[in-house]
Amino acid sequence: MPIPAVRPRPGRARAARLLTVVAFTLICTQEVPAVRPAAAPAVAAVAPSPSASPSPSPSPSGVKPSALDQLAGPAAPGDLDVMTFNLKYASRATPNSWKQRRPVMRTLLTVEHPDLIGTQEGLPDQLRDIESDLGPEYDWIGLGRDGGDDGEHMAIFFDTTRLSPVKSGNYWLSTTPGVPASVSWGTNFTRMVTWVLFADLRTGRHFYAVNTHLDNTSENARRHAARLIRSRLAALDDLPIILTGDFNSPAETGSQVYRTLVTEPGYQDVWDTAPSRGPEYQSIHNYQPLVRDGERDDWILATPGVLPVAVLMNTYRRGRQYPSDHLPVEARIRLPCPDAYCGMPGGSGER
């Protein structure tokens, strides 16, 4: 039976919700028409350092730049702001329940207003909360890892005033990638990938956004998953690829997962290639004091030709409350403009 590629939404007929995945196909795609009209963009404020007092919520009388703007200045027209964020699944258990974390998450995301967010661990109601908090100009695509809308999602959020989905799909990190909820290699939990081919409405450029979450306990599962992802990326059209995720592996050449996804195929780790970079911390902090220069398990990778402008770990918190047990990683990038797409309506013509 076909499985909806996005969650159902009574009373809101969106063509982007018609993306589907068929259980025994390897990659599932569906054409998506143009996105709906958008509301005005959110205002922005500064995300403070861990030692600073948290900034108040933005107000009309005191607008401050986002953390990326503070680091690199205002974005150029063709710049794309990307975030990877393990949301920490919603729970009622305190401390750090979703009820406690949601207002902090709302401020962080509306202040930063990324064009693209690759999320991990989001549960269905939690994702709908985030969509509501982001506002009507945002949409998201993804399946639950247990099939349909069940379980944690690798949801990809996007600003519909900037990005339009062309097609999308999902696959599972197993020996049967087209089978929802399938597991292999001793993985602790079901793991999967969600991907979307986007058209940039501002520049006319096209690119793939790919988002994943590798296993948290089995190194064997992580290595097999990395090889599967690499082979699937190699089979995509010759377009820029942005790969976001919680890889549960250190971003260093001593890691086989890192070598498989970065070193050997020649992908960029934008943390290393961006000319402007914020302080580095252990990206999984577990609501404890931040550790400088610790293990970075949350990555934003990109194919050669993508130009990183700036990258940072956002340390925003409200009092002692962080929005998640991970720090979000944000990057500002510029996409190359292949001849096949530079002449499209809205294209910049840049090379």
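Report, ordered by the first and then the second residue, all pairs with beta carbons closer than 6 Å, sequence separation of six or more or different chains, a first member in segment 273-299 that is of a type in the set (Gly, Ala, Ser), and a second member that is open to solvent by 40 Å² or more (accessible area, probe 1.4 Å) and in a loop (DSSP other than H, G, I, E, B).
Every condition considered, the pairs that remain are GLY294/GLN282.
Checking PRO336 against (1) part of a helix (DSSP H, G or I); (2) modelled with pLDDT under 95, which single condition isn't satisfied?
That leaves (1) as the condition not met.
What is the one condition in (1) more than 21 Å from the chain's Cα centre (by Cα); (2) within 30 Å of ASP81 (Cα to Cα) that VAL179 does not satisfy?
(2)
Can you say whether THR94 is polar (S, T, N, Q) and either at pLDDT below 95 or touching a Pro at 6+ places or on another chain (Cβ under 8 Å) (or both), as far as the supplied structure shows?
On the way: polar (S, T, N, Q): yes; either at pLDDT below 95 or touching a Pro at 6+ places or on another chain (Cβ under 8 Å) (or both): no.
So THR94 fails the test.
Condition first: under 26 Å from PRO240 (Cβ atoms) and modelled with pLDDT of 95 or more. Can you find one or more residues in segment 41-63 that meet it?
No, segment 41-63 has no match at all.
Got a sec? Which of THR160, THR176, THR194 is among the hydroxyl-bearing types (Ser, Thr, Tyr) and either surrounded by 23 or more Cβ atoms within 10 Å (Cβ to Cβ) or under 13 Å from GLN120 (Cα atoms) (or both)? Talk me through it step by step, then tell me what you get.
Values: THR160 fails: either surrounded by 23 or more Cβ atoms within 10 Å (Cβ to Cβ) or under 13 Å from GLN120 (Cα atoms) (or both); THR176 fails: either surrounded by 23 or more Cβ atoms within 10 Å (Cβ to Cβ) or under 13 Å from GLN120 (Cα atoms) (or both).
From the options THR160, THR176, THR194, the qualifying one is THR194.
Using the structure shown, decide if GLY151 is in contact with a helix residue (DSSP H, G or I) (Cβ under 9 Å, 6 or more places away or on another chain) and surrounded by fewer than 23 Cβ atoms within 10 Å (Cβ to Cβ). Quick ask: steps written out before the conclusion?
Working: in contact with a helix residue (DSSP H, G or I) (Cβ under 9 Å, 6 or more places away or on another chain): yes; surrounded by fewer than 23 Cβ atoms within 10 Å (Cβ to Cβ): yes.
Taking the combined requirement at face value, the residue satisfies it.
Being at pLDDT 95 or above, open to solvent by less than 10 Å² (accessible area, probe 1.4 Å) and over 27 Å from ARG296 (Cβ atoms) narrows it down to one residue among LEU80, LEU143; which is it?
None of the other options fit; the residue is LEU143.
Could you check ASP133 against (1) of a type in the set (D, E, K, R); (2) more than 29 Å from VAL306 (Cα to Cα); (3) touching an Asp or Glu at 6+ places or on another chain (Cβ under 9 Å) and say which number it fails?
Status for ASP133: all satisfied but (3).
Suppose we filter GLY122, GLY118 for residues that are surrounded by 19 or more Cβ atoms within 10 Å (Cβ to Cβ) and touching a Leu at 6+ places or on another chain (Cβ under 6 Å); which single one remains? Lay out the reasoning, then the answer.
Details: GLY118 fails: touching a Leu at 6+ places or on another chain (Cβ under 6 Å).
After applying the criteria, what remains is GLY122.
From the list ASN248, ASN220, pick out the single residue that is more than 27 Å from ASP159 (Cα to Cα), under 17 Å from the mean Cα position of the chain (by Cα) and open to solvent by 20 Å² or more (accessible area, probe 1.4 Å). Before you say what the answer is, go through the steps one by one.
On the way: ASN220 fails: under 17 Å from the mean Cα position of the chain (by Cα).
Exactly one of ASN248, ASN220 is more than 27 Å from ASP159 (Cα to Cα), under 17 Å from the mean Cα position of the chain (by Cα) and open to solvent by 20 Å² or more (accessible area, probe 1.4 Å), namely ASN248.
May I ask you to list pairs of residues, at least six apart or on different chains, whose Cβ atoms are under 7 Å apart, with the first in segment 310-327 being free of Cβ contacts under 8 Å to residues at least 40 places away in the same chain and the second being crowded, with 21+ Cβ neighbours inside 10 Å and among the β-branched types (Val, Ile, Thr)?
MET313/VAL329
For segment 177-194, enumerate the residues that are in contact (Cβ under 8 Å) with a residue 40 or more places away in the chain and either under 21 Å from LEU134 (Cβ atoms) or not hydrophobic (A, V, I, L, M, F, W, C) (or both). Step through it out loud before you land on a result.
Within segment 177-194, the first condition is being in contact (Cβ under 8 Å) with a residue 40 or more places away in the chain, and the residues that meet it are 177-180, 184-185, 189-192, 194.
Selection gives PRO177, GLY178, PRO180, SER184, THR190, ARG191, THR194.
Which count do you get for residues in segment 181-235 that are in a loop (DSSP other than H, G, I, E, B), among the aliphatic types (A, V, I, L, M) and closer than 30 Å to ASP79 by Cα?
First, pick out the residues of segment 181-235 that are in a loop (DSSP other than H, G, I, E, B): 181-191, 201-205, 214-218, 235.
Subset that is among the aliphatic types (A, V, I, L, M): 181, 183, 201, 214, 235.
Filter once more, so that each one left must be closer than 30 Å to ASP79 by Cα: 201, 214, 235.
So the answer is 3.
Just give me the residues in segment 292-314 being crowded, with 21+ Cβ neighbours inside 10 Å and assigned to a loop (DSSP other than H, G, I, E, B), in sequence order.
Kept after step one, since they are crowded, with 21+ Cβ neighbours inside 10 Å, are these residues of segment 292-314: 296-303, 306, 308-314.
Passing the criteria: ARG296, ASP297, THR303, VAL306, ASN314.
For (1) of a type in the set (A, V, I, L, M); (2) farther than 27 Å from PRO114 by Cβ, each residue gets a yes or a no:
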| residue | (1), (2) |
| --- | --- |
| LEU143 | yes, no |
| GLU152 | no, no |
| GLY169 | no, no |
| LEU173 | yes, no |
| PRO177 | no, yes |
| GLY186 | no, yes |
| MET192 | yes, no |
| ARG202 | no, no |
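Would you check which residues across segment 89-101 are surrounded by fewer than 22 Cβ atoms within 10 Å (Cβ to Cβ) and either closer than 22 Å to SER276 by Cβ or in contact (Cβ under 8 Å) with a residue 60 or more places away in the chain (or both) and list them?
Here is the first cut: in segment 89-101, the residues surrounded by fewer than 22 Cβ atoms within 10 Å (Cβ to Cβ) are 89-100.
Passing the criteria: TYR89, PRO95, ASN96, GLN100.
The values are calculated or read from the model by the stated rules, or taken from the named source; none is laboratory data. Only a predicted model underlies this, so the values are computations on that prediction, with no experimental measurement involved. Glycine also receives a Cβ, built like all others from the backbone with ideal geometry; neighbour counts cover every protein chain displayed. Accessible surface areas use protein heavy atoms only, side chains included; no ligands, DNA or RNA. Shrake-Rupley method; radii C 1.70, N 1.55, O 1.52, S 1.80 Å.
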